[in-house]
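Trainee: Sharing a structure below in C-alpha cells format, with a few things to ask.
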Amino acid sequence: MEVSRKPPIVHKAVFPARYESLASISRFIRQVAAQADLDSTVIYRVDAAVDEACSNIIEHAYGDHLTGNIECTCQIDDTALTIILRDDGRPFNPNAIPEPDITAPLEERTDHGLGLLFIRKWMDEVHYEFSGQGNTLTLVKYRNPHK
Amino acid sequence: MQITSAQYKHCDLVKPSGRIDSATAPQFAEALNQIMAKGQYKIAIDLSQVEFISSAGLRVLINTQKLCKRYNRGEVALASVPENILSALELAGFTTLFKIYEDVLTAVGSF
C-alpha cells in the first residue's frame, strides 16, 4: 500500500549578516515553527538555536571585515522542521567547538561556548558542511508525531 | 530592548524587557556597568519582561556576577524568571551561580 505524503512546505528568506537582523530572523523562524505546529516551548528552543547559529555566522564566518548574507531555508514535512543556514564566509564548524564545563565554579567559568549548548541540546540533529562556496548548517527539529 | 533601573536602600534593581541577543546585550551590559561604576555591587535583575535571552545575554550575567562577587562586595540576584528563560539558565548551568527569587520584592529584600 502506498503511503500518501503531503509535499513539504518550504519558506526561504535572506538576511544581511548583522546582529541587527537577529530580531527579524527570530520573527521568521517563529512563524515557520508555529506553522510546523510546534508547541511554545519548542518554538522558543528552535528560535534560540537559530539565533546562536546566526550569531556565530556573523561573528566567526564573516567577522569584523567581511560582509554578506545569511540565507535561511525552512522545510516542514511530515516528520520534521528542517532549517538550513547558508553563508559565504570563512569556514566555521560549530560541531568542532568543545562544550564548556557548566559545572565549574563561577571564577572558572568561561563565557564562550554557551551558544553551542543551545544548538546541540535543543535541536535533534545538527549537520555542517563547507563546500568552498561557504558554510551550510542544517538544524533539524522533529515534529510531535502524535499531533 | 528597554531597560529601567532603580536604586533601593540595599541594592539596585534592573529591569530589562524584550530580547537580549547579540544586538542588544551591549546595552544590557552598559546598564549594569553604570551601576558598578557607582560602587554598587548588590544588584537584583527583574527578568519578568524578558522574552528571549541568548548566550550573549548569559555572558553579560556571568561577567557581572564575577565582578560583583569579587572581594565579597556583593552579588547579582535574579527575580521573576519566565519558564523559557529559566530553562536557558538551567541548560547553561547558571542556576547554581545565581540566587533566583520568585518575585522582585523577595529579591530586593534579600540584600
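Trainee: Which of the pairs A:K121/B:K15; A:K141/B:K42; A:K121/B:K9; A:K141/B:K69; B:K9/B:K99; A:K141/B:K99 have their Cα atoms more than 30 Å apart in this structure?
Mentor: Numbers: A:K121/B:K15 28 Å; A:K141/B:K42 40 Å; A:K121/B:K9 41 Å; A:K141/B:K69 39 Å; B:K9/B:K99 19 Å; A:K141/B:K99 32 Å.
Result: A:K141/B:K42; A:K121/B:K9; A:K141/B:K69; A:K141/B:K99 exceed 30 Å.
Trainee: Once you've got the GNM for chain B with C-alpha springs shorter than 10 Å, pick whichever of B:G74, B:G57, B:G39 has the biggest mean-square fluctuation.
Mentor: Judging by the Gaussian network model, the answer is B:G39.
Trainee: OK, next. Mind listing the phi-derived Karplus ³J(HN,Hα) values for the range B:12-22, rounded to whole Hz, using 6.51, -1.76 and 1.60 with θ = phi - 60°, and x for any glycine or proline?
Mentor: Result, rounded to whole Hz: 9, 10, 10, 10, x, 9, x, 9, 10, 10, 4.
Trainee: Checking a compactness column here: for the range A:1-84, what do you get for Rg(Cα) / (2.2 N^0.38 Å), N being the number of residues? Before the final figure, lay out each step's value.
Mentor: Details: Rg = 14.5 Å, N = 84, 2.2 N^0.38 = 11.8 Å.
Taking the Cα Rg and dividing by 2.2 N^0.38 Å, one obtains 1.23.
Trainee: Can you give the mean number of other chain Cβ atoms that lie within 10 Å of the Cβ atoms in peptide A:19-27?
Mentor: Values: counts 7, 4, 1, 8, 7, 0, 1, 5, 0.
Going residue by residue through A:19-27 and averaging, the value is 4.
Trainee: May I have the extent of the alpha carbons of the range B:2-109 along their three principal axes, as whole Å values ordered from largest to smallest?
Mentor: Taking max minus min along each principal axis of the Cα atoms, the range B:2-109 gives 30, 27, 24 Å.
Trainee: Nearest 5 percent is fine: what portion of the DSSP beta bridges confined to the range B:2-109 is antiparallel? Kindly include the intermediate steps, with their values, before the conclusion.
Mentor: Numbers: 6 of 20 bridges.
Bridges in the range B:2-109 are about 30 percent antiparallel.
Trainee: Here's another thing I want to ask about it. Can you give the calculated 222 nm mean residue ellipticity of the protein assembly as shown, where each DSSP H run of n ≥ 4 adds -39,500 (n - 2.57) and the sum is split over every residue, rounded to the nearest 500 deg cm²/dmol? Provide the component values of the computation, followed by the final result.
Mentor: Working: 7 runs with 83 residues, N = 258.
Calculated from helices alone, the mean residue ellipticity at 222 nm is -10000 deg cm²/dmol.
Trainee: Quick one: what does P(r) look like for the range B:1-47 with 10 Å bins over all Cα pairs, in whole %?
Mentor: 28, 56, 16, 0
Trainee: Taking the protein assembly as shown as the region of interest, what is the percent of Cα-Cα pairs per 10 angstrom bin, listed from the shortest bin to the one with the maximum distance?
Mentor: Values per bin, smallest distances first: 7, 29, 32, 20, 9, 2, 0, 0.
Trainee: A further question follows. Would you kindly calculate the translational diffusion coefficient of chain A, applying Stokes-Einstein with the Kirkwood radius from alpha carbon pairs, for 10 °C and a viscosity of 1.306 mPa s, and quote it in µm² s⁻¹ without decimals?
Mentor: Numbers: Rh = 16.1 Å.
In µm²/s, the coefficient rounds to 99.
Trainee: Å³ per residue of the Cα convex hull, for the range A:75-147?
Mentor: Details: hull volume 7.7 nm³, N = 73.
In the range A:75-147, the Cα hull volume divided by residue count equals 106 Å³.
Trainee: Using the 10 angstrom Cβ neighbour count as an exposure proxy, how do B:K38, B:K69 rank, fewest first?
Mentor: On the way: B:K38 9, B:K69 16.
Arranged by neighbour count, lowest to highest, B:K38, B:K69 become B:K38, B:K69.
Trainee: Sticking with this one: Could you tell me the distance between the Cα centroids of the range B:1-33 and the range B:40-111, to the nearest Å?
Mentor: First find each Cα centre; the distance between them is then 11 Å.
Trainee: Taking each residue of B:52-62 in turn, how many C-beta atoms of other protein chains fall within 10 Å of its C-beta, and what is the average?
Mentor: Values: counts 8, 2, 12, 15, 9, 1, 5, 6, 1, 1, 5.
Taking all residues of B:52-62 together, the mean is 6.
All of the numbers you see were taken from the coordinates with simple rules; none came from a lab. On a predicted model such as this, the values are computed, not experimentally measured, just so you know. In this analysis, Cβ positions are derived from the backbone assuming ideal geometry, glycine residues included, and neighbour counts consider all displayed protein chains.
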